[in-house]
Structure formats: C-alpha cells, structure tokens
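Just so you know, all these numbers are worked out from the coordinates, no wet-lab data involved. Nothing here was measured: the structure is a model prediction, and the numbers come from that model. Because the Cβ atoms are built from the backbone with ideal geometry, glycine has one as well, and the counts that use them run over all protein chains shown.
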Amino acid sequence: MKEIIHTPLAPAAIGPYSQAVRWGNMLFCSGQIALLPDGDDRLLFESVDVQCRQALLNIGEVLAAAGTGWDQVVKVNVSLVDMADFATINAVYQEFFGETKPARACVAVKSLPRDAKIEIECIAGIL
C-alpha cells in the first residue's frame with residue numbers, strides 16, 4: 001500500500017509531488033536541493049559542496065521520518081549542473097555513507113529548479 005512520507009524537518013515539495021513515498025518495504029525519495037527546512041533558499045547562492053551537504057541533510061530527515069537511514073539506501077541519483085563539480089560533491093557525499101555505499105548515477109543537466117547546482121534523490125529499504 002502506498003504511504004506518503006512528509007516531515008517538517010525537510011523542505012516541503014516545491015511542486016506537485018511528495019517528499020517521499022513508501023511502497024511496501026521500499027522508500028522512494030524525491031529530489032532534494034539546498035533549501036532549508038523552512039524553504040529558505042539562501043544556500044542556493046553558495047558553493048556546490050554547501051548545496052550538496054544540505055541536500056543530503058534534507059534526505060536524511062526524510063529517511064528518518066520513514067523509519068530508515070543511510071545504511072538502507074540502495075540507489076542514489078545525482079544531477080549536477082557542472083560535471084566539473086564531481087570530485088567536490090564526492091568528498092561531501094562520502095561523509096554520509098559508511099561501508100554500505102549504494103549504487104549511484106551522476107548526470108550533468110542543463111539546469112535545476114531554483115537554479116540549484118545539485119539535486120539528489122534516492123531509493124531506500126525499510127526494515
């Protein structure tokens with residue numbers, strides 16, 4: 001059965017979608033950009049590493065709201081406006097995953113909502 005996951009500890013969706021959807025024991029998290037939980041967009045004017053960290057913090061709150069965590073993430077999709085930022089975001093990204101690194105795709109895109117430099121989404125299991 002489909003369950004909508006929402007937490008005020010992460011920014012509300014900025015379009016017609018949910019922060020995440022639980023389907024059985026799987027969680028599908030929508031893309032997160034560097035908005036603060038209250039929707040403040042000041043970090044969107046910061047460097048890509050700052051934006052990456054906030055997007056991951058937002059995802060962490062959504063994971064927690066669903067009763068799961070980083071160790072249960074099985075797939076991550078990263079969208080970057082500039083692939084030259086790949087090494088920079090990897091340095092931040094690895095802080096969030098221990099030895100149980102998920103599968104991942106990273107693609108370059110022309111633009112992202114609110115002119116963000118990075119957007120991150122994931123799929124996780126729920127035990």
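Here each label is just a point 7 Å from Cα along the line to Cβ, and for Phe86 and Val21 those points are 3.2 nm apart. Using θ = phi - 60° and the Karplus form 6.51 cos²θ - 1.76 cosθ + 1.60, what ³J(HN,Hα) does each residue of the stretch 71-84 get, whole Hz, x for Gly and Pro? Running phi through 6.51 cos²θ - 1.76 cosθ + 1.60 with θ = phi - 60° gives 5, 9, 6, 9, 8, 10, 10, 10, 10, 10, 6, 10, 5, 5 Hz.
Listed by chain and number, the lysines whose C-alpha is less than 26 Å from the C-alpha of Lys117, apart from same-chain residues fewer than 8 away, are Lys75, Lys101. With N the number of residues in the chain, Rg(Cα) / (2.2 N^0.38 Å) evaluates to 0.98.
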